[in-house]
1. For a quick size check, give me the Cα extents of segment 167-323 along its three principal axes, largest first, whole Å.
2. What list of ³J(HN,Hα) couplings, whole Hz, do you get for segment 292-303 from phi and the Karplus terms 6.51, -1.76, 1.60, once you set θ to phi - 60° and write x for glycine and proline?
3. Positive end of the charge dipole of the chain (Lys, Arg +1 and Asp, Glu -1 on Cβ, about the Cα centre): tell me which of Tyr197, Leu278, Ile80 has its Cα farthest that way.
4. May I ask you to list the chymotrypsin sites (Phe, Trp or Tyr not before Pro) in segment 234-307 that are in a DSSP loop and have at most 14 other Cβ atoms within 10 Å of their Cβ?
5. Could you give me D for segment 153-252, from Stokes-Einstein at 4 °C and 1.567 mPa s, where the hydrodynamic radius is the Kirkwood radius over C-alpha pairs? Units µm² s⁻¹, please.
6. Work from the charge dipole of the chain (Cβ charges, +1 for Lys and Arg, -1 for Asp and Glu, about the Cα centre) and give the residue of Pro212, Ala243, Tyr111 farthest towards its positive end.
7. Given contacts defined as C-alpha pairs under 8 Å and at least six residues apart, what's the relative contact order of segment 74-160, whole-number percent?
8. Work out how far the C-alpha atoms of segment 1-112 reach from end to end along every principal axis, then list the three figures in whole Å, largest first.
Amino acid sequence: MNAEDWESEFTKYRSSPEFQLLNPNMTLDEFKKIYWMEWTHRLWGRVIGVTFLLPTIYFIARRRVSASMAWKLTGICGLIGFQGFLGWWMVKSGLRDDLFAPGSHPRVSQYRLTAHLGAAFGVYVAMLLSGLSILKEHKMLANCEEALKRIATLKSPALRAFRVSVAALALLVFTTAMSGALVAGLDAGLIYNEFPYMGLGLTPPKKELFDPFYSHVEDQSDLWWRNMLENPSLVQLDHRILATTTFSAIMSLFAYTRLSPAVRSAIPSDARKGVMGLVHLASLQVALGISTLIYMVPMWLASAHQAGALALLTGATILFSRMTLPRRAILRKITQQSVSTTGTKPTFASRMAHVPDVAKS
C-alpha cells in the first residue's frame, strides 16, 4: 500500500535464486508486475474456495441436496483445499538453496507444476460433471416418457463401444494436457521451434533423447523415465506425439459416428453435435499449439493454448455426460412416475420399441 511495503517485498525477492541468477537487473516497477500476477492468482484461488465452501455448507445443512451430491460437494471442497496446498508446495520448490549452485536454473519443479495444474483440471471436471448430472436428471424427471426413450437409446449395444471410446478419449486429452505442463515447467517450448520437424528430422537424435546426463544412478536404470520427464527434447517430443494421437483419435471417433450404420442410427443428436464440437476444438487447439511453438511461446499465445486444452477437456467431458445413464435412484424415480402416470409399468420391450431396428440388432 506504500513505498516502504514495496521495498520490503522487493528485498525478499532479491534474496531468492530467481533474482540473483535470472533477473539481477530487475527494477521495482518490473517486480510489481510479477508480484501483482502472483498476488491476484492467490487471491482468486481463495475467492474460489470461499464461494464454493459457504454454499456447500448451506445446502448440506438445509438438506437441499441429495446424500450423493452432498458427498460430491464435500469431496470438491477437499480438492480445492488440496489444490491450495499443491500451489504452496510448488512455489516452495523454486526457493531451495541448492538452486544457487553454479549451472542451476531457478524454477519450480516441473513435477509439482504438473500436479498443481492436474489438480486444478480435476476440480474443474468434478464441478462440471456434478452440474451436468443435476441438469440432466432434472430434465429427465420433468418428462419421464422422453427420459425412457433416452435411456433405451443409451442402452443400445451399438453405443457400448462408443461410450467406452469417449471415456478413453477424455483421459487421453487430460494426459496430453499434463504433458504440456511438463513442457511449460522445463521451458521445453523454447527449443525446436518448428513443426513437424525437430532439427534435421521428425525427431532429434537418439543420443539426445536418452542422454545419460539425466540419470541419477550409476547403473542408469532410470535413464528412460528420467529423460521422458526431465529432458526438454524428449518431453517436447512426447507432447507432440500425445497431441497428434489425441487429434487422430478425435477424427477417428468422428469418422466412426458417420461411417458405422449402427452408431449413426442410434447415437442421440446432442452426442452427434458433441463429437462435431470436439473436431472444431481439436483443430483450434492444434493451430494454437503449433503457433505457440513457432512464435517462441509468447505469454498470450501460451495462455490461449492452455485454455484450449481446458476447452477440449470440457468438450470431452460434456460428451461423456451425454452418453452416460442417470443414477439408479433417478432411474427408479422415472419408472415410478411413469407407472403413476400410465398405471402400468413399462416393460423392457416397450422401452426398446423407441430404438431404431439397426441399433437393436
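Bear in mind these aren't lab numbers, they're just calculated from the coordinates by the rules spelled out. Computed from a prediction, not measured in an experiment: that's the story for all the values here. Cβ coordinates were reconstructed from backbone atoms using ideal geometry, including for glycine residues, and neighbour counts include every protein chain displayed.
1. Here the spans come out as 58, 36, 27 Å, largest first.
2. The phi angles translate into 4, 5, 5, 8, 6, 6, x, 4, 5, 6, 5, 5 Hz.
3. Farthest towards the positive end: Leu278.
4. Those that pass, being in a loop and sparsely packed, are Tyr295.
5. Details: Rh = 15.4 Å.
In µm²/s, the coefficient rounds to 84.
6. The one lying farthest along the dipole's positive direction is Ala243.
7. Relative contact order for segment 74-160 comes out at 26 percent.
8. Each principal axis gives a Cα extent; for segment 1-112 these are 57, 35, 15 Å.
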